[in-house]
Amino acid sequence: MRKMGILAGAAGLAFAAVLAVSATAKADDAKLEQLKEQGFARLAIANEPPYTAVAADGKVSGAAPDVAREVFKRLGVDDVVASISEYGAMIPGLQAGRFDVVTAGLFMKPERCAAVAYSEPVLCDAEAMLVKKGNPKGFKSYEDVARDPSARIGAPGGGTEEKLALNAGVPRDRVIVVPDGQSGLKMVQDGRIDAYSLPVLSINDLVQKANDPNLEVIAPVEGAPVYCDGAAFNKKDTALRDAFDVELAKMKESGDFAKIIEPYGFSAAAAISTTREKQCAAQ
């Protein structure tokens, strides 16, 4: 009788586990239906052209939101709306349900891959530094900044560049958190920081718009890896991520993906040549 009771208990636990998995799957599958019903997906962006941008009239653009808008349209979600967020606040906001997806050049890293459900790669880029003309301090790497006791470098709070600088040995008090690209450019121009670091395309966009002959771009930063981002979803929304991946793959195959991102300066071939698995393991 005792053995039968143990078996019955084990069967009950197994059945309960099946029910729990089934309930989770249904909740996961329901996310896309919820987005279809509300008519839009909520994006977290950084307003960092050419990755993301917000026009004066509030229209969201940039390579990452444009890809997301097209994928969601193919999934039956009519539009996207965006909220500007610091990089360090994006994943907590996603986990708290304030966003449906992050589309902001949030590069894949092991710790991020553990915290969110990334799509397959969308945008790939290397790192750059913005300095004064002639590169007076001779920076080629983040280690060069660390070795100069007077050097200060600006980077987005919670972003890849901030972490790369800190990991290279730049002290915390010499890594200056900068809220946006225009602020970083102005701080270099005014001499408040010696370098401002962002991905190559973002720095090039800033310099092109500034049209300041007294600035110079160091790219790529020596020793810094090439990163790819992906659309980042809540871990609970893997079915939505998988549906996103299906449409993204179709776009890559048809050439529609290249038509969206290449006018912004990104390489479709770079994104197609790698995978989420490789990116999450490599960094």
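Okay, here's what the table says:
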{"item": "5 Å-binned pair-distance histogram of the chain (Cα, whole percent)", "result": "1, 6, 12, 15, 16, 14, 11, 8, 5, 4, 3, 2, 1, 1, 1, 0, 0, 0"}
{"item": "Backbone HN-Hα couplings from phi across the range 188-205 [Karplus 6.51/-1.76/1.60, Hz, Gly and Pro as x]", "result": "5, 4, 7, x, 6, 9, 8, 7, 10, 10, 8, x, 3, 5, 5, 5, 4, 4"}
{"item": "Expected 222 nm ellipticity per residue - DSSP helices of 4 or more, -39500 (n - 2.57), all of the chain, to 500", "result": "-14500 deg cm²/dmol"}
{"item": "Mean projected area (nm²) of the alpha-carbon convex hull when the range 127-218 is viewed from all directions", "result": "4.9 nm²"}
{"item": "Projected-area average for the range 142-283 over all orientations - Cα convex hull basis, square nanometres", "result": "10.1 nm²"}
{"item": "Euclidean distance between Cα centres, the range 218-258 to the range 113-132, Å", "result": "10 Å"}
{"item": "Entries in LYS36/LYS259; LYS163/LYS259; LYS109/LYS140 that, when Cα-Cα distance is taken, lie over 30 Å", "result": "LYS163/LYS259"}
{"item": "HN-Hα J in Hz across the range 73-84 - Karplus 6.51, -1.76, 1.60, θ = phi - 60°, x for Gly and Pro", "result": "4, 5, 8, x, 9, 5, 8, 10, 10, 10, 10, 7"}
{"item": "Full-stretch length increase - ARG98, GLU37 - with 0.36 nm per residue and alpha-carbon distance subtracted", "result": "20.2 nm"}
{"item": "Förster-model FRET efficiency, 35 Å R0, ALA249 and ASN211, C-beta, rounded to 0.05", "result": "0.35"}
{"item": "Linear extension gain, ARG74 paired with ARG192, 0.36 nm per residue minus alpha-carbon span", "result": "37.9 nm"}
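FYI, it's all coordinate maths here, none of it is from the lab. Since we're looking at a predicted model, the values are computed, not measured. Note: ideal-geometry Cβ built from the backbone for every residue, glycine included; neighbour counts use all protein chains shown.
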